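**Q** Can you read through this structure? Questions will come right after.
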Amino acid sequence: MKKIIAVLIFIFSAITSMAQTPTVIQNLYKFSPLGEIIVRNLGMEDKNANGVIDKGANEGYEGFIKKYGTGDTLEKKEKSIDSGFYANYVIYGAGNARLEENEIVIYYYLNIRFKYPEETAIIDKEIKTYVYANNLPLVWLDDEKGTVIEAVTKVLGGGWNEKQVTEDEAVNMLNRALNGINIIGRTGDPANYGGYYTLQELIKNKKGYCTEVAQFGFWFFSELRINSIITWTVLTSSILHDVIKLNSGRMVDYFGSSYRYNISKDKWYTVNPLQTIGTYYLARGHMLIDKTMLEQSVLYDKYRIDNIVGLMNFYFYSAKSDNKNVIGLGNFFINNNDIDKLLKVKILNSSFIKEQLKDILTMLMRSCYYEKNKTIYDKAVALLKKHYDKDNDIYQYLKIYRL
């Protein structure tokens, strides 16, 4: 299991003045470095530099659909590429004639990888090369020494990953491997215990949160050339839970933590491997109070409210507030999320989401006040009045920060 990471309000009087970093906002309108590798090798290019692949823009949308997908009709959305993705419990981008990074990456790992050997070989090689060269956390990749595969081979024997096996056999092998390595569960807030482990740290420490074990499962099934993805749900008001889901729809929960909760299928939310890098950076960034890591969390998962509010807090409450980046982040979030739907989501931690959104809107409003940005200020104020009209704190903010 993993605790929901509480969003902290960073007030650091000791932090020195911070230089402006416009590239953070620019990166919101680009594919992540690893996402770009997948997009490019599947025959697409973001020619108008808006961070998505647009239909009718000569960016490869139509060719991608024709070669790899069934089309963008919502009647077949379980097989469609343009079927949207979960962002903060809400489906975003479904049937909008645009392919967002999350849609493309999820579709690649579930429906293209291993089924198209040439593309798979190139993409996997380029991703590994980039990760190793840029010292990215090995959340779902083995290190160059083969630490993880060596540990598994000691349990399963040589050649375990060189033969085709059935799904049942693969799941049994996964359980044997984890049992043989003696992996036990971790509890508590990851930000208080060093953040999340890489795969190598999981093997070394022989214990892990559900998300780390799910990452191991993704790596393991990849070695067996079986398509899989991470999926997660809310178990209680303070606990999230990750498992690995196979392309057949079968979910593999090594710890079995979800079994007694009887979670319906529509309450499980898919996360692609690149987003999990963002999760790693978010936990580490909170723990170390590290701006670069919080920025990386947004780079690899720019639609997640936790990442946006965490970085906005850092910018806003630093010794010298970075109001321009606060405005850029907040404006991106409200432009790319259906706030009405977000606040109507019925989940166990919905009150927490409402508080996060309140933080985003108040920081956005105040930063716009300081920067005299009337246009975005008006958007933030309108949302605050609409959704927090009975909140006394908001009432006071609106009286003080009038533009």
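No value in this document is a laboratory result; all are computed from the given coordinates. Please read all numbers here as calculations on a predicted model, not as lab measurements. Virtual Cβ from ideal backbone geometry, glycine too; neighbours counted across all protein chains shown.
**Q** Mean separation of Cα pairs under 8 Å and 6+ residues apart, divided by the residue count of the stretch 125-211: what relative contact order is that in percent? Let's see the in-between values first.
**A** Values: 61 pairs, mean separation 30.3, N = 87.
Result for the stretch 125-211 is 35 percent.
**Q** Hey, another quick one. If you take every DSSP beta bridge whose two residues both sit in the chain, what share of them, in percent to the nearest 5, is antiparallel?
**A** 90
**Q** Can you check what the net charge comes to around Leu199, using other residues whose Cβ is under 11 Å from the Cβ of Leu199 (Lys, Arg +1; Asp, Glu -1)?
**A** Its environment carries a net charge of -3.
**Q** Go ahead and run the numbers for FRET between Tyr395 and Arg250, Cβ-Cβ distance against an R0 of 60 Å, rounding to 0.05. Before the final figure, lay out each step's value.
**A** Details: r = 51 Å, r/R0 = 0.84.
With R0 = 60 Å, the Cβ-Cβ based efficiency is 0.75.
**Q** Over the chain, what portion of Cα pair distances is larger than 39 Å, expressed as a whole percent?
**A** The proportion of pairs with Cα distances above 39 Å equals 18 percent.
**Q** Looking at the chain as a GNM with Cα springs under 10 Å, which of Asn161, Asn102, Asn134 has the largest mean-square fluctuation?
**A** Fluctuation is largest for Asn134.
**Q** So, one more: Taking the simple approach of a point 7 Å from Cα along Cα-to-Cβ for both Ala133 and Ala382, what is their distance in nm?
**A** Result: 4.5 nm between the two label points.
**Q** Follow-up. Grab the Cα-Cα distance for Ser237 and Val155, subtract it from 0.36 nm times how many residues apart they are, and report the gain in nm with one decimal. Each step should come with its number before you reach the end.
**A** On the way: separation 82, 0.36 × 82 = 29.52 nm, distance 3.74 nm.
Result: 25.8 nm gained on full extension.
**Q** Roughly how many Å is it from the Cα centre of the stretch 294-312 to that of the stretch 47-61, as a whole number?
**A** 24
**Q** Next question. Rounded to a whole number, what is D in µm²/s for the stretch 29-133 from Stokes-Einstein with the Kirkwood radius over alpha-carbon pairs (10 °C, 1.306 mPa s)?
**A** On the way: Rh = 13.9 Å.
D, rounded to a whole number, is 114 µm²/s.
**Q** With a point put 7 Å past each Cα toward its Cβ, work out how far Asp266 is from Asn58 in nm, to one decimal.
**A** Distance between the two pseudo-spin positions: 4.3 nm.
**Q** Where does each of Arg113, Arg98 land when they are ranked from fewest to most other beta-carbon atoms within 10 angstrom?
**A** Values: Arg113 21, Arg98 18.
The order, fewest Cβ neighbours first, is Arg98, Arg113.
**Q** On a 26 Å Cα-Cα criterion, which of the cross-link pairs Lys154/Lys267; Lys115/Lys302; Lys55/Lys374; Lys47/Lys344; Lys291/Lys354 come out too long? Walk me through the numbers before you get to the answer.
**A** On the way: Lys154/Lys267 37 Å; Lys115/Lys302 29 Å; Lys55/Lys374 33 Å; Lys47/Lys344 36 Å; Lys291/Lys354 24 Å.
Violating the 26 Å Cα-Cα cut-off are Lys154/Lys267; Lys115/Lys302; Lys55/Lys374; Lys47/Lys344.
**Q** Quick one: plug the Kirkwood hydrodynamic radius of the stretch 232-362 (C-alpha pairs) into Stokes-Einstein at 10 °C, 1.306 mPa s, and report D in µm²/s.
**A** 98
**Q** Let me ask something else about it. What residue among Thr166, Thr147, Thr233 shows peak mean-square fluctuation when the chain is described by a Gaussian network model with Cα springs under 10 Å?
**A** Looking only at Thr166, Thr147, Thr233, the largest GNM fluctuation is found for Thr166.
**Q** At a Förster radius of 22 Å, what calculated FRET efficiency corresponds to the Cβ-Cβ distance of Ile91 and Asn50, to the nearest 0.05?
**A** Efficiency computed from Cβ-Cβ geometry: 0.60.
**Q** Counting Lys and Arg as +1 and Asp and Glu as -1, what is the net charge of the other residues whose Cβ lies under 14 Å from the Cβ of Asn175? Don't skip to the end; give the middle numbers.
**A** Numbers: positive: Arg176, Arg250; negative: Glu167, Asp168, Glu169, Asp253.
The answer is -2.
**Q** How much length would be gained if the chain were fully extended between Asp143 and Glu167, taking 0.36 nm per residue of separation minus their Cα-Cα distance, in nm to one decimal?
**A** That pair, Asp143 and Glu167, stretches by 6.0 nm at full extension.
**Q** Let me ask something additional. Once every DSSP H run of n ≥ 4 in the chain is given -39500 (n - 2.57) and the sum is divided by its residues, what mean residue ellipticity at 222 nm do you get, rounded to the nearest 500 deg cm²/dmol? Walk me through the numbers before you get to the answer.
**A** Numbers: 17 runs with 196 residues, N = 403.
The helix contribution divided over the chain gives -15000 deg cm²/dmol.
**Q** Describe numerically, in nm with one decimal, the distance between label points set 7 Å from Cα along Cα→Cβ at Tyr193 and at Lys320.
**A** Result: 3.9 nm between the two label points.
**Q** Oh, and also: How are the C-alpha pair distances of the stretch 290-403 spread across 10 Å bins, as whole percents from the shortest bin up?
**A** For the stretch 290-403, the binned pair fractions read 14, 48, 33, 5 percent.
**Q** Quick one: among Asn392, Asn325, Asn50, which has the greatest mean-square fluctuation in a GNM of the chain with alpha-carbon springs under 10 angstrom?
**A** The residue with the greatest mean-square fluctuation here is Asn392.
**Q** Additional query: Search the structure for amide H atoms under 5 Å from the amide H of Asp322, placed 1.01 Å from N in the peptide plane, and list their residues when 5 or more places away or on another chain.
**A** It is Phe316, by chain and number.
**Q** Relative to the longest principal axis of the C-alpha atoms of the chain, give the angle of the C-alpha long axis of helix 210-223, reported between 0 and 90° and rounded to the nearest 10°.
**A** 50
**Q** Same structure, new question: Once you have the Kirkwood Rh of the stretch 88-197 from its Cα pairs, apply Stokes-Einstein at 4 °C and 1.567 mPa s and quote D in µm²/s. Before the final figure, lay out each step's value.
**A** Working: Rh = 17.5 Å.
The diffusion coefficient I find is 74 µm²/s.
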